[in-house]
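Here the structure is laid out as structure tokens; the discussion comes afterwards.
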Amino acid sequence: MKQVLIIGAVALATTGAARAEGDMREGLSLLEQGAQLFMRGLADEMEPALRELTDNVEPAMRQLMQQMEPAMQELLGMIDNLDAYHMPERLPNGDIIIRRKSPSEMQTLPEQAPDIEI
């Protein structure tokens, strides 16, 4: 009699566990669907704001580039070859300096590779 009760209890427990596992899968699936709907809704609501931001930022960036172009051309005219300089250093007071390499350091540089189109 005890064996029948034990077998019955095990059968009920495994049936309940299987049902709980099925419910868990269904619950996770519903959570996944809910998350997808939430993200879609969020993207739909943010799209107009992002589009407006892009429309406003683009002209400002163009204007900035037009204003900076003369200064950048002047800077490029001052720097003949980037290999002639050491990496920038930050001093303890916050200043950033870029040291020019000495002639002896320049002689140890490898030959520049010819321009190759890739």
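Annotations for the structure displayed:
- Qualifying residue in the range 38-58 (condition: surrounded by fewer than 10 Cβ atoms within 10 Å (Cβ to Cβ), modelled with pLDDT of 85 or more and under 30 Å from I98 (Cβ atoms)): no
- Taking every residue in the range 64-91 that is over 21 Å from S104 (Cα atoms) and pairing it with any residue that is polar (S, T, N, Q), at least 6 positions away or on another chain, yields no pair with a Cβ-Cβ distance below 6 Å.
- Just one of the listed residues (R100, R62) is in contact with a helix residue (DSSP H, G or I) (Cβ under 8 Å, 6 or more places away or on another chain) and either at pLDDT 85 or above or hydrophobic (A, V, I, L, M, F, W, C) (or both), and it is R100.
The values are calculated or read from the model by the stated rules, or taken from the named source; none is laboratory data. Worth saying up front: this structure is predicted, and the values here are computed from it rather than measured. As a convention, Cβ positions derive from the backbone with ideal geometry for all residues, glycine included, and neighbour counts pool all protein chains shown.
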